[in-house]
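J.: Here you go, one structure.
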Amino acid sequence: MANAIPQRDIRKSAMPRFRGHEGLRRSLRRALARGMLPGTVLLHGPPGCGKQSLAHWMARTRLCAEPDKPCDRCGSCRRALRLEHPDIHWYFPLPRPKGVSGRAKLEEALESARHERLGELRANPLRTEPGGEVRGIYLAVVRALRKQAHRRPATAEEHVFIVGEAEHLVPQEASPEAANALLKLLEEPPGPCRFILTSSKPGSLLDTIRSRTLPIRIPPLPPESVSAFLVEECDAQPAEADSAAALSQGSIGVALRFLDSSSALTEARNRALALLRAATEGKSGAAYARALEFSAGGARSQLDLLAALALWIRDLGAVCLGRDDHVVNADQLSFLRSAAGRLRLSPGQVAAAVEHVEEAQALASGNANPQLLISAMLLDLKDTFGGRR
Ligand SMILES: [Zn+2]
């Protein structure tokens, strides 16, 4: 399947059925039913492990009218699944609107951008975030949220506010105004409000916000759950679903990108394999030639490639140790076995090779020249694989 994020499979609801984290959801359901959960929780865990989906599930559970909450059938659940529940408010980082000035205009522009994005998600719930743009949860957004909190809930007993990727509450004019405005709301909600914050970088939140929340850690999804999601929601073939799930490290978002054979992530994985081949097979000249294929700018765009390369090296290490069952790039097991047979790497060599990639990742984050950093890394890798270290 070339483009695995198909429009045609979209169910009537805008939120895919929630899978995984069964034990955690049992505890949350009990705590919500008994009113034991504080008004503000922070769901934190690795990117793509389902934090915002879980936040929606919690909102549905809280507002569902039936005993088996969330029933996904009552009016409240159905509206929530279509992202149309008037008392569930979902906020997330957005690019700053261009050419808009003035407080009221900015607030208006950000609200309409948020509704536009919700509309896109209704049309295609599996749509991934467009990357590359700087996004934030700006003070104007928190002001809009606060206005909403001052209104009475439309049908439910309380508002549920979901603030996704809350680490994007950005400081403006060198002061953390947006975060402070939200903090005030968390401290003194004007009416019945529940707040569910999510973050993959909880350390970046203001301490004062973190201390107002009950942190709940969401672990990565097991590969079986990711694979089941891909088969049931995207009509993926079981073998390709298993392969994308293994590569995803427990993230449905990442798995979707691997399922799409034309995605940037799939391309990064293929290019990383070519680099590994250059480092393990070719002569130094071939490695230089590979490095020259990279442009001289835009190192940060190589971060996916370097992350994929680290994974390939870990897989090679696993095969060298006879642990083929730990390989995530399982579709290339025969290449990995033949390379492992030739190189016979020790765990120390594998660790050193991964370190070289991590050094390159640090340089790429600092926007170093990609040609230079890739060629230096390839030579280090060749030395390491050749045992000259
Ligand atoms: Zn329901």
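J.: Among 334, 106, 254, pick out the residue whose Cα is farthest towards the positive end of the charge dipole of the chain, where Lys and Arg carry +1 and Asp and Glu carry -1 on C-beta, about the Cα centre.
T.: It is 106, whose Cα lies furthest towards the positive end.
J.: Could you tell me which trypsin sites (Lys or Arg not before Pro) in region 78-172 are loop residues by DSSP with no more than 16 other beta carbons within 10 angstrom of their beta carbon?
T.: Here the sparse-neighbourhood loop sites are 82, 98, 127, 151.
J.: Can I ask one more? Hey, can you grab everything whose amide H is under 5 Å from the amide H of residue 169? Only 5+ residues off in sequence or another chain; H modelled, so Pro and N-termini drop out.
T.: 137
J.: At a 10 Å Cβ-Cβ cut-off, how would you order 328, 134, fewest neighbours first?
T.: So the residues, fewest neighbours to most, are 134, 328.
J.: Turning to a different aspect of this structure: Out of residues 5 or more away from residue 43 or on other chains, whose amide H comes under 5 Å of its own, with H placed 1.01 Å from N in the peptide plane?
T.: 197, 198, 199, 216
J.: Let me ask something else about it. Would you order 101, 225, 295 from fewest to most other beta-carbon atoms within 10 Å of each residue's own beta-carbon?
T.: Working: 101 7, 225 19, 295 12.
Listing 101, 225, 295 from fewest to most nearby Cβ atoms yields 101, 295, 225.
J.: Kindly flag which residue pairs out of 69/147; 105/184; 69/201 have an alpha-carbon separation exceeding 27 Å in this structure.
T.: Over 27 Å Cα-Cα: 69/147; 69/201.
J.: Can I ask one more? Taking every DSSP beta bridge that has both residues in the chain, what percent is antiparallel when rounded to the nearest 5?
T.: Working: 3 of 22 bridges.
Taking every DSSP beta bridge with both residues in the chain, the antiparallel ones total about 15 percent.
J.: Spelling out what I want: for every residue of region 55-63, take phi, set θ = phi - 60°, compute 6.51 cos²θ - 1.76 cosθ + 1.60 (Karplus), and round to whole Hz; glycine and proline get x.
T.: Karplus-based 3J(HN,Hα) across region 55-63 equals 4, 5, 4, 4, 5, 4, 4, 5, 9 Hz.
J.: Can you return the aspartates and glutamates within cross-link range of residue 51? Criterion is Cα-Cα under 14 Å, with same-chain partners fewer than 8 residues away left out.
T.: In chain and number order, the partners are 22, 165, 167.
J.: Give me the angle, in degrees from 0 to 90, between the Cα long axis of helix 303-320 and the longest principal axis of the Cα atoms of the chain, rounded to the nearest 10.
T.: The answer is roughly 60 degrees.
J.: Compute the signed sum of charges (Lys and Arg +1, Asp and Glu -1) over the other residues within less than 12 Å, Cβ to Cβ, of residue 331.
T.: On the way: positive: 269; negative: 240, 242, 315.
Around residue 331, the charge tally is -2.
J.: Relative contact order for region 22-217: what percent, with Cα pairs under 8 Å and sequence separation of 6 or more? Could you put the intermediate results ahead of the total?
T.: Numbers: 283 pairs, mean separation 60.5, N = 196.
Answer for region 22-217 is 31 percent.
J.: Could you calculate the contour length gain from residue 152 to residue 27, that is, 0.36 nm times the residue separation minus the distance between their Cα atoms, to one decimal place in nm?
T.: Numbers: separation 125, 0.36 × 125 = 45.00 nm, distance 2.92 nm.
Result: 42.1 nm gained on full extension.
J.: Search the structure for amide H atoms under 5 Å from the amide H of residue 260, placed 1.01 Å from N in the peptide plane, and list their residues when 5 or more places away or on another chain.
T.: Distant-sequence amide H within range of residue 260: 4.
J.: Could you please rank 380, 324, 315, placing first whichever residue has the fewest other Cβ atoms within 10 Å of its Cβ?
T.: On the way: 380 19, 324 14, 315 25.
Least crowded to most crowded, the residues run 324, 380, 315.
J.: Quick one: angle between helix 223-234 and the longest Cα principal axis of the chain, in degrees between 0 and 90, rounded to 10, please.
T.: On a 0 to 90 degree scale, this one is about 70.
J.: Still on this structure, I have one more. Please return the longest stretch of the chain lacking exposed loop sites, where GluC sites (Glu not before Pro) count only if DSSP places them in a loop and at most 16 other Cβ atoms lie within 10 Å.
T.: Between exposed loop sites, the widest span is 174-280.
J.: I would also like to ask the following. Could you work out how far the C-alpha centroid of region 180-212 sits from that of region 60-83, in angstrom?
T.: 25
J.: Would you work out which of 156, 216, 227 lies farthest towards the positive end of the dipole of region 154-263? Charges go on Cβ: Lys and Arg +1, Asp and Glu -1.
T.: Comparing the listed Cα positions along the dipole, 216 ranks first.
J.: Nearest 10 degrees, 0 to 90: what angle lies between the long axis of helix 177-187 and the longest principal axis of the chain (Cα atoms)?
T.: It works out to around 50 degrees.
None of the figures in this text is laboratory data; all of them are computed from the coordinates on show. Everything quoted here is computed from the prediction, not taken from an experiment. Methodologically, a virtual Cβ is constructed for each residue, glycine included, from the backbone with ideal geometry; neighbour enumeration extends over all protein chains shown.
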